[in-house]
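The values are calculated or read from the model by the stated rules, or taken from the named source; none is laboratory data. Being a predicted model, the structure only gives us computed values, none of them experimental. All Cβ positions, glycine included, derive from the backbone under ideal geometry; neighbour counts span all protein chains shown. We work out accessible area using only protein heavy atoms, side chains counted, and drop any ligands, DNA or RNA first. Shrake-Rupley method; radii C 1.70, N 1.55, O 1.52, S 1.80 Å.
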Amino acid sequence: MSITASQVKELRERTGAGMMECKKALVETAGDLDAAVELMRVSGLAKADKKAGRVATEGRIVTATSADGKRAAVVEVNSETDFVSGGDVFGDFAVAVVQTALQAWPDDLDGLLGASLDGSTVEETRRELIAKIGENINVRRFARLETAGVFGTYLHNNRIGVVVAVEGGDTDLAKDIAMHVAASNPLCVAESDVPADLLERERDILIGQAEQSGKPAEIIEKMVAGRVKKFLSEITLLGQPFVKDPDINVGKLLDNAGARVIRFVRFEVGEGIEKKDENFAEEVMAQVKGT
(Lines give C-alpha, C1' and ligand atoms only; values in the text may rest on other atoms or scores of the structure.)
Protein backbone atom coordinates (compact mmCIF):
# COMPACT_ATOMS: atom_id res chain seq x y z
CA MET A 1 0.00 0.00 0.00
CA SER A 2 1.00 3.62 -0.45
CA ILE A 3 2.19 5.48 2.65
CA THR A 4 1.17 9.14 2.72
CA ALA A 5 3.21 12.08 3.96
CA SER A 6 0.54 12.85 6.57
CA GLN A 7 0.90 9.32 8.03
CA VAL A 8 4.67 9.75 8.28
CA LYS A 9 4.21 13.17 9.85
CA GLU A 10 1.79 11.83 12.47
CA LEU A 11 4.09 8.93 13.35
CA ARG A 12 7.04 11.30 13.70
CA GLU A 13 5.01 13.48 16.07
CA ARG A 14 4.06 10.46 18.16
CA THR A 15 7.53 8.89 18.33
CA GLY A 16 10.05 11.66 17.69
CA ALA A 17 11.87 9.32 15.28
CA GLY A 18 13.36 10.16 11.88
CA MET A 19 11.32 10.31 8.68
CA MET A 20 12.87 7.23 7.06
CA GLU A 21 12.42 5.13 10.20
CA CYS A 22 8.77 6.16 10.38
CA LYS A 23 8.14 5.36 6.73
CA LYS A 24 9.82 1.95 7.08
CA ALA A 25 7.69 1.11 10.13
CA LEU A 26 4.49 2.13 8.33
CA VAL A 27 5.36 -0.02 5.32
CA GLU A 28 6.01 -3.02 7.58
CA THR A 29 2.68 -2.54 9.36
CA ALA A 30 0.65 -1.76 6.23
CA GLY A 31 -0.05 1.79 7.39
CA ASP A 32 -1.36 0.85 10.85
CA LEU A 33 -0.20 3.78 13.02
CA ASP A 34 -0.66 2.06 16.38
CA ALA A 35 1.17 -1.04 15.18
CA ALA A 36 3.94 1.14 13.76
CA VAL A 37 4.35 2.90 17.10
CA GLU A 38 4.64 -0.46 18.89
CA LEU A 39 7.07 -1.78 16.27
CA MET A 40 9.31 1.26 16.65
CA ARG A 41 9.12 1.01 20.41
CA VAL A 42 10.25 -2.63 20.37
CA SER A 43 12.96 -1.88 17.83
CA GLY A 44 14.11 1.11 19.86
CA LEU A 45 14.33 -0.89 23.08
CA ALA A 46 16.46 -3.49 21.30
CA LYS A 47 18.80 -0.73 20.14
CA ALA A 48 18.88 0.64 23.67
CA ASP A 49 20.01 -2.74 24.99
CA LYS A 50 22.92 -2.74 22.53
CA LYS A 51 24.02 0.71 23.71
CA ALA A 52 23.74 -0.11 27.42
CA GLY A 53 27.37 -1.22 27.70
CA ARG A 54 28.78 2.04 26.36
CA VAL A 55 30.39 4.31 28.93
CA ALA A 56 28.43 7.49 29.72
CA THR A 57 30.59 10.00 31.59
CA GLU A 58 28.97 13.26 30.53
CA GLY A 59 25.56 14.44 31.70
CA ARG A 60 24.07 16.81 34.22
CA ILE A 61 23.07 17.14 37.85
CA VAL A 62 19.55 18.34 38.68
CA THR A 63 17.94 19.25 41.99
CA ALA A 64 14.39 19.84 43.15
CA THR A 65 12.70 20.96 46.37
CA SER A 66 9.12 20.29 47.42
CA ALA A 67 6.58 23.12 47.59
CA ASP A 68 6.66 23.12 51.39
CA GLY A 69 10.46 23.21 51.41
CA LYS A 70 10.76 20.11 53.61
CA ARG A 71 11.95 17.61 51.00
CA ALA A 72 14.64 17.77 48.35
CA ALA A 73 16.16 15.46 45.76
CA VAL A 74 19.28 15.48 43.60
CA VAL A 75 19.88 13.24 40.58
CA GLU A 76 22.77 12.51 38.21
CA VAL A 77 21.80 11.56 34.66
CA ASN A 78 24.58 10.63 32.24
CA SER A 79 25.10 10.63 28.49
CA GLU A 80 28.06 9.77 26.30
CA THR A 81 28.70 13.32 25.04
CA ASP A 82 28.28 16.85 26.31
CA PHE A 83 26.49 17.67 23.04
CA VAL A 84 23.60 15.43 24.08
CA SER A 85 23.67 16.44 27.76
CA GLY A 86 23.41 20.09 26.75
CA GLY A 87 20.28 19.51 24.67
CA ASP A 88 16.72 20.29 25.68
CA VAL A 89 15.46 16.72 25.26
CA PHE A 90 18.07 15.34 27.65
CA GLY A 91 17.55 18.27 30.02
CA ASP A 92 13.78 17.78 30.11
CA PHE A 93 14.28 14.09 30.91
CA ALA A 94 16.69 14.88 33.75
CA VAL A 95 14.24 17.38 35.26
CA ALA A 96 11.39 14.88 34.93
CA VAL A 97 13.48 12.24 36.74
CA VAL A 98 14.31 14.49 39.70
CA GLN A 99 10.68 15.57 39.97
CA THR A 100 9.69 11.90 39.96
CA ALA A 101 12.21 11.22 42.73
CA LEU A 102 10.68 14.03 44.74
CA GLN A 103 7.10 12.90 44.23
CA ALA A 104 7.49 9.11 44.37
CA TRP A 105 10.12 9.28 47.15
CA PRO A 106 11.65 5.87 46.29
CA ASP A 107 13.98 4.07 48.69
CA ASP A 108 16.60 3.16 46.11
CA LEU A 109 17.60 3.51 42.46
CA ASP A 110 15.56 0.50 41.38
CA GLY A 111 12.55 2.13 42.97
CA LEU A 112 13.20 5.35 41.05
CA LEU A 113 13.64 3.52 37.74
CA GLY A 114 10.37 1.70 38.32
CA ALA A 115 8.45 4.83 39.28
CA SER A 116 5.72 6.19 37.02
CA LEU A 117 6.66 8.91 34.52
CA ASP A 118 4.12 10.20 32.01
CA GLY A 119 2.31 6.89 31.60
CA SER A 120 5.47 4.79 31.48
CA THR A 121 8.24 4.17 34.00
CA VAL A 122 11.49 6.10 34.32
CA GLU A 123 13.34 3.04 32.98
CA GLU A 124 11.06 2.66 29.95
CA THR A 125 11.35 6.36 29.21
CA ARG A 126 15.14 6.16 29.53
CA ARG A 127 15.39 3.31 27.04
CA GLU A 128 13.07 5.04 24.60
CA LEU A 129 15.25 8.15 24.87
CA ILE A 130 18.33 6.07 24.02
CA ALA A 131 16.62 4.88 20.85
CA LYS A 132 15.64 8.43 19.95
CA ILE A 133 18.99 10.11 20.68
CA GLY A 134 21.33 7.28 19.71
CA GLU A 135 23.52 7.44 22.82
CA ASN A 136 23.56 5.51 26.06
CA ILE A 137 21.61 7.38 28.74
CA ASN A 138 21.99 6.38 32.35
CA VAL A 139 20.19 7.45 35.52
CA ARG A 140 23.24 6.85 37.68
CA ARG A 141 22.30 7.89 41.21
CA PHE A 142 20.03 10.03 43.33
CA ALA A 143 19.69 11.19 46.90
CA ARG A 144 16.73 12.42 48.91
CA LEU A 145 16.82 14.68 51.95
CA GLU A 146 14.31 15.86 54.53
CA THR A 147 14.59 18.73 56.99
CA ALA A 148 12.62 20.58 59.62
CA GLY A 149 14.71 23.63 58.75
CA VAL A 150 15.66 24.95 55.31
CA PHE A 151 17.46 23.69 52.22
CA GLY A 152 20.26 25.35 50.35
CA THR A 153 20.77 24.24 46.74
CA TYR A 154 23.45 25.17 44.26
CA LEU A 155 24.21 24.12 40.68
CA HIS A 156 27.45 24.91 38.89
CA ASN A 157 27.11 24.62 35.11
CA ASN A 158 24.79 21.64 35.69
CA ARG A 159 27.93 19.58 36.41
CA ILE A 160 28.13 20.01 40.18
CA GLY A 161 24.99 19.93 42.29
CA VAL A 162 24.68 20.42 46.04
CA VAL A 163 21.80 20.18 48.48
CA VAL A 164 22.37 21.18 52.12
CA ALA A 165 19.90 20.71 54.97
CA VAL A 166 20.30 23.42 57.63
CA GLU A 167 18.49 23.90 60.91
CA GLY A 168 18.42 27.20 62.75
CA GLY A 169 19.50 29.31 59.77
CA ASP A 170 17.85 31.05 56.84
CA THR A 171 17.83 30.32 53.12
CA ASP A 172 20.64 32.79 52.37
CA LEU A 173 22.96 31.04 54.82
CA ALA A 174 21.95 27.62 53.46
CA LYS A 175 22.71 28.71 49.90
CA ASP A 176 26.11 30.09 50.97
CA ILE A 177 26.92 26.74 52.57
CA ALA A 178 25.81 24.91 49.41
CA MET A 179 28.10 27.13 47.31
CA HIS A 180 30.94 26.42 49.72
CA VAL A 181 30.39 22.66 49.47
CA ALA A 182 30.41 22.89 45.66
CA ALA A 183 33.73 24.77 45.71
CA SER A 184 35.57 23.00 48.56
CA ASN A 185 34.20 19.46 48.27
CA PRO A 186 34.31 18.40 51.95
CA LEU A 187 34.12 14.69 52.70
CA CYS A 188 31.63 15.00 55.57
CA VAL A 189 30.11 17.51 57.98
CA ALA A 190 32.14 17.03 61.17
CA GLU A 191 35.17 15.19 62.53
CA SER A 192 32.90 12.62 64.16
CA ASP A 193 31.63 11.67 60.69
CA VAL A 194 35.08 10.80 59.29
CA PRO A 195 35.34 7.03 58.65
CA ALA A 196 37.62 5.41 61.24
CA ASP A 197 39.57 3.41 58.64
CA LEU A 198 40.32 6.54 56.62
CA LEU A 199 41.57 8.38 59.70
CA GLU A 200 43.71 5.40 60.74
CA ARG A 201 45.30 5.14 57.28
CA GLU A 202 46.11 8.83 57.25
CA ARG A 203 47.56 8.64 60.76
CA ASP A 204 49.81 5.71 59.74
CA ILE A 205 51.07 7.69 56.75
CA LEU A 206 51.77 10.74 58.89
CA ILE A 207 53.59 8.66 61.50
CA GLY A 208 55.78 7.13 58.80
CA GLN A 209 56.62 10.57 57.42
CA ALA A 210 57.38 12.00 60.88
CA GLU A 211 59.62 9.09 61.87
CA GLN A 212 61.89 9.88 58.93
CA SER A 213 62.79 13.15 60.67
CA GLY A 214 64.76 11.24 63.29
CA LYS A 215 63.25 13.30 66.08
CA PRO A 216 62.37 11.90 69.54
CA ALA A 217 59.11 9.95 69.96
CA GLU A 218 57.40 12.68 72.01
CA ILE A 219 58.13 15.25 69.30
CA ILE A 220 56.90 12.88 66.61
CA GLU A 221 53.67 12.40 68.57
CA LYS A 222 53.09 16.16 68.66
CA MET A 223 53.92 16.49 64.96
CA VAL A 224 51.45 13.76 64.04
CA ALA A 225 48.72 15.22 66.25
CA GLY A 226 49.11 18.60 64.56
CA ARG A 227 49.05 17.12 61.07
CA VAL A 228 45.99 15.00 61.86
CA LYS A 229 44.19 18.11 63.07
CA LYS A 230 45.10 19.89 59.83
CA PHE A 231 43.91 16.90 57.79
CA LEU A 232 40.55 16.88 59.57
CA SER A 233 40.07 20.61 59.02
CA GLU A 234 40.68 20.12 55.31
CA ILE A 235 38.17 17.31 54.76
CA THR A 236 35.33 18.34 57.09
CA LEU A 237 32.81 21.03 56.27
CA LEU A 238 32.92 22.59 59.74
CA GLY A 239 36.70 22.79 59.73
CA GLN A 240 37.17 24.35 56.29
CA PRO A 241 37.77 28.09 55.84
CA PHE A 242 34.58 29.63 54.47
CA VAL A 243 35.08 30.40 50.77
CA LYS A 244 33.52 33.87 51.04
CA ASP A 245 35.58 34.79 54.11
CA PRO A 246 38.66 32.55 54.68
CA ASP A 247 39.31 34.27 58.03
CA ILE A 248 36.45 32.27 59.53
CA ASN A 249 35.73 28.57 59.23
CA VAL A 250 32.31 27.17 58.38
CA GLY A 251 31.80 25.88 61.92
CA LYS A 252 32.24 29.36 63.37
CA LEU A 253 29.99 30.84 60.67
CA LEU A 254 27.21 28.47 61.65
CA ASP A 255 27.73 29.05 65.38
CA ASN A 256 27.42 32.82 64.86
CA ALA A 257 24.09 32.25 63.09
CA GLY A 258 22.81 29.74 65.65
CA ALA A 259 22.58 27.14 62.89
CA ARG A 260 23.84 23.66 62.12
CA VAL A 261 24.18 21.52 59.02
CA ILE A 262 22.27 18.27 59.32
CA ARG A 263 23.40 16.76 56.03
CA PHE A 264 24.69 17.65 52.60
CA VAL A 265 24.90 15.84 49.27
CA ARG A 266 27.35 16.85 46.55
CA PHE A 267 27.20 15.19 43.11
CA GLU A 268 29.67 15.90 40.33
CA VAL A 269 29.09 14.59 36.82
CA GLY A 270 31.13 11.51 36.05
CA GLU A 271 33.03 11.35 39.34
CA GLY A 272 34.26 7.84 40.02
CA ILE A 273 33.51 6.60 36.49
CA GLU A 274 36.51 5.21 34.65
CA LYS A 275 36.67 7.05 31.36
CA LYS A 276 37.68 5.20 28.24
CA ASP A 277 40.85 6.58 26.67
CA GLU A 278 39.79 7.27 23.12
CA ASN A 279 42.24 7.32 20.22
CA PHE A 280 40.18 8.54 17.30
CA ALA A 281 42.97 8.12 14.74
CA GLU A 282 43.26 4.42 15.62
CA GLU A 283 39.48 4.08 15.62
CA VAL A 284 39.22 5.53 12.10
CA MET A 285 42.02 3.29 10.84
CA ALA A 286 40.33 0.23 12.33
CA GLN A 287 37.10 1.13 10.54
CA VAL A 288 38.93 1.66 7.24
CA LYS A 289 40.66 -1.71 7.50
CA GLY A 290 37.36 -3.36 8.31
CA THR A 291 35.68 -2.12 5.13
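Out of the stretch 100-153, which residues are of a type in the set (A, V, I, L, M, F, W, C) and at positive phi?
Trp105
Tell me yes or no: at least one residue of the stretch 241-250 is in a helix (DSSP H, G or I), modelled with pLDDT of 90 or more and not aromatic (Phe, Trp, Tyr).
yes
Checking Gln7 against (1) touching a Gly at 6+ places or on another chain (Cβ under 7 Å); (2) modelled with pLDDT of 95 or more; (3) open to solvent by 30 Å² or more (accessible area, probe 1.4 Å), which test does it fail?
Single failed check for Gln7: (2).
Out of the stretch 183-211, which residues are acidic (Asp, Glu) and either under 23 Å from Leu155 (Cα atoms) or out of contact with any helix residue (DSSP H, G or I) (no Cβ under 9 Å at 6 or more places or on another chain) (or both)?
Matches in the stretch 183-211: Asp193, Asp197, Glu200, Asp204.
Can you find, within the stretch 24-44, the residue that is surrounded by the fewest Cβ atoms within 10 Å (Cβ to Cβ) among those that are at pLDDT 85 or above and of a type in the set (Asp, Glu)?
Result: Asp34.
Within the stretch 140-191, can you find the residues that are open to solvent by less than 60 Å² (accessible area, probe 1.4 Å) and free of Cβ contacts under 8 Å to residues at least 12 places away in the same chain?
none
Yes/no per residue for (1) out of contact with any Lys or Arg (no Cβ under 6 Å at 6 or more places or on another chain); (2) over 21 Å from Asn249 (Cα atoms); (3) assigned to a strand (DSSP E or B); (4) modelled with pLDDT under 95:
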{"site": "Arg126", "(1), (2), (3), (4)": "yes, yes, no, yes"}
{"site": "Ile130", "(1), (2), (3), (4)": "no, yes, no, yes"}
{"site": "Asn136", "(1), (2), (3), (4)": "no, yes, no, yes"}
{"site": "Arg141", "(1), (2), (3), (4)": "yes, yes, yes, no"}
{"site": "Gly152", "(1), (2), (3), (4)": "no, no, yes, no"}
{"site": "Gly161", "(1), (2), (3), (4)": "yes, yes, yes, no"}
{"site": "Ala174", "(1), (2), (3), (4)": "yes, no, no, no"}
{"site": "Met179", "(1), (2), (3), (4)": "yes, no, no, no"}
{"site": "Arg201", "(1), (2), (3), (4)": "yes, yes, no, yes"}
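Pick from the stretch 214-229 the residues that are open to solvent by 100 Å² or more (accessible area, probe 1.4 Å) and more than 45 Å from the chain's Cα centre (by Cα): which of them is farthest from Gln240 (Cα to Cα)?
Narrowing the stretch 214-229 to residues open to solvent by 100 Å² or more (accessible area, probe 1.4 Å): 215, 218, 221-222, 229.
Keeping just the survivors that are more than 45 Å from the chain's Cα centre (by Cα) gives 215, 218.
Working: Lys215: 30, Glu218: 28 Å.
Looking at the filtered set, the residue picked out is Lys215.
For the stretch 253-283, what are the residues that are assigned to a helix (DSSP H, G or I) and either modelled with pLDDT of 95 or more or under 27 Å from Gly152 (Cβ atoms) (or both)?
Once the filter is applied, which keeps residues that are assigned to a helix (DSSP H, G or I) and either modelled with pLDDT of 95 or more or under 27 Å from Gly152 (Cβ atoms) (or both), the stretch 253-283 yields Leu253, Leu254, Asp255, Asn256, Ala257.
Which numbered condition in (1) open to solvent by 60 Å² or more (accessible area, probe 1.4 Å); (2) closer than 30 Å to Glu21 by Cα; (3) in contact with a Phe, Trp or Tyr (Cβ under 6 Å, 6 or more places away or on another chain) is the only one that Leu129 fails?
Every condition holds for Leu129 apart from (1).
Matching residues to (1) in a strand (DSSP E or B); (2) basic (Lys, Arg); (3) crowded, with 22+ Cβ neighbours inside 10 Å:
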{"position": "Ala67", "(1), (2), (3)": "no, no, no"}
{"position": "Glu76", "(1), (2), (3)": "yes, no, yes"}
{"position": "Val89", "(1), (2), (3)": "no, no, no"}
{"position": "Val95", "(1), (2), (3)": "no, no, no"}
{"position": "Asp107", "(1), (2), (3)": "no, no, no"}
{"position": "Leu112", "(1), (2), (3)": "no, no, yes"}
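State yes or no: is Lys222 farther than 30 Å from Glu167 by Cβ and part of a helix (DSSP H, G or I)?
Considered against the rule, which asks whether it is farther than 30 Å from Glu167 by Cβ and part of a helix (DSSP H, G or I), Lys222 comes out as yes.
Inspect the stretch 52-60 for any residue being modelled with pLDDT of 95 or more, out of contact with any helix residue (DSSP H, G or I) (no Cβ under 9 Å at 6 or more places or on another chain) and within 27 Å of Val164 (Cα to Cα) and give the result as yes or no.
Scanning the stretch 52-60 turns up no residue that is modelled with pLDDT of 95 or more, out of contact with any helix residue (DSSP H, G or I) (no Cβ under 9 Å at 6 or more places or on another chain) and within 27 Å of Val164 (Cα to Cα).
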